[in-house]
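To start, the structure itself, in structure tokens.
Values quoted throughout were computed directly from the atomic coordinates according to the rules given, and no laboratory measurement underlies them. The structure presented is a predicted model; accordingly, all values stated were derived computationally and were not measured. Neighbour counts are summed over all protein chains in view; Cβ atoms, including those assigned to glycine, are modelled from backbone coordinates with ideal geometry.
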Amino acid sequence: MVGLILNFVSACRASGLRVSTAEFLDCLAQLDLVDISDEVQFKTVLSSNFAKSRRDRCRFEQLYRLFFHELSQIPASSSPESMGGLIAELVEVLREGADGDVTYRAIIEFLSGNPLTFLAELKRIRTEEHPATQGGRFNLGPLASRLQVLVNLNRLRNMVAHFINANESRLGFDTGQNLALYFNASLDTAYTLLMNEPRPPGDDTREVTTYRQHYRRLGELPFSMLSQREVEEMREVIVELVRKLKDMATRRWASHSRSVLDVKKTLRRAQRYQGIPVEIVFRHHPPRKAKIIALCDVSSSVWSAARFMLNILYSLQECFTKVHSFIFVSGLAEVTAIFEAHEINLAIEKVLREAAIEYYAPTDYGETLRHFKRDFMDIPDKKTTLIIMGDARTNYFNPEDAILEELRERCRRVIWLNPEPETEWNTGDSEMLTYKPHCHEVRQCRNLNQLIDFIEDLIL
């Protein structure tokens, strides 16, 4: 054990960690007090003595994994004795091509199980500076040295492959494969040590973002990936959005009603004042409010997107003449009364539990459209905007797209919101491209930002 820890200390020193003799002796004394077969205790003792800062801890983690897990791992399917001899033989073959190249020899030592020279070379590369040229300072020295190491790694990889191919009959297929795996894994480890400089984790770093940046970033997350905490934050965003949209709509309508002068009425009333217009008369146009019909697929993950859409639509009922809401899986159920009688979040929970549909039945858009045509075809008119939220996956049932065409003729607009990525439309049992020609507008609606853009276009 003393020799093992001493070799590890040498590796730490070669990599740049400062480990004193007193710290080495303290570590040995503390190891006698713990169960060294328990890796957690063993690693904790080494870390507490050899890693004295956040950066040291990162480098310690890299060296511990290298020294105790990655070096000198003989493939389990081969005899350790035979593999050890073959590894030594191949290392000697590779050593013949050194030609005085320091980095090449360092990599050979690394492949033979001695990482000290290679770690010292990496330390030299990290601290190397390019001589000042014309008053400027550049990073060309370390870059050139890293490039030389990369060239040697590729050269050695090719030499290993050539040796195994040349001795395939003597080694056998399995032994040759295991030998290639061992050396390729060691070369991959050397490449990782070269390219990945360990850095302290940023988990405890406070990242300051504005309110708008935070919620804009949150709005990019797909609905199906939101945690419960993020859903609660989304509700705050929706409340703020609804308030802003109502204010914008009110200002737009107020500005519209004041901006149009009724010239005829103004001149007619001016006759009583000898033609001098004392009273200015404006045309008062009542705001044109659309009627909304929302059909929402509530099967599996689609419901997460439908829930947010219904939340916003019913928070904006003042902007519409009437909002009719339907949910469906295989059958269809109207839930307008539930939303009118309860607070929105409670209404959503009641809809999810108490509506008269089979939630676990296979989704059937054709049956849903047939049901709507049979019982609710009198609702849509030329002031109606029909919004369908769903992935259009019909489980290979008849899509009944002719009924959607009838609805298009009756409605002012037909809009389809699909919570799936557009690349997945019309794959498998999706009939999105079948329904698309019968819609005025088709949108991808996977996150809150896309939903907000749609609602703003709808309202304003």
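Distances between placed amide hydrogens fall under 5 Å for Asp364 paired with Ser330, all partners being 5 or more residues away or on another chain.
Near the amide H of Ile388, within less than 5 Å, lie the amide hydrogens of Leu295, Ile415, Trp416, Leu417, all on another chain or at least 5 residues away, with H placed in the peptide plane.
Take 13-24, 326-337 and order them by the average number of nearby Cβ atoms within 10 Å per residue, most first; the result is 326-337, 13-24. Per residue, the chain reaches -17500 deg cm²/dmol at 222 nm when only DSSP H runs of four or more residues are counted, each adding -39500 (n - 2.57).
Close amide H pairs (under 5 Å, H built 1.01 Å from N) link Arg446 with no residue at least 5 positions away or on another chain.
What is the chain's relative contact order, in percent, from Cα pairs under 8 angstrom and six or more apart in sequence? Could the numbers behind the result be given before it?
Working: 531 pairs, mean separation 47.3, N = 460.
About 10 percent, as a whole number.
Loop-located trypsin sites (Lys or Arg not before Pro) in segment 363-460 (DSSP state not H, G, I, E or B) with no more than 12 neighbouring Cβ atoms inside 10 Å: Lys382. The smallest convex shape that holds all Cα atoms of the chain, its convex hull, gives 320 Å³ per residue. Find the Rg to Rh ratio for segment 372-460, where Rh is the Kirkwood radius over alpha-carbon pairs and Rg uses the same atoms. Radius of gyration over Kirkwood radius for segment 372-460 works out to 0.97. Of the residues Asn7, Asn196, Ile292, the one whose Cα sits farthest towards the positive end of the charge dipole of the chain is Ile292 (charges of +1 on Lys and Arg Cβ, -1 on Asp and Glu Cβ, taken about the Cα centre).
With the simple spin-label model, which puts each label point 7 Å out from Cα in the Cβ direction, the Phe397 to Asn196 separation comes to 4.9 nm.
Expressed as a fraction of 2.2 N^0.38 Å, the value expected for a compact globular protein of N residues, the C-alpha radius of gyration of segment 314-369 is 1.21.
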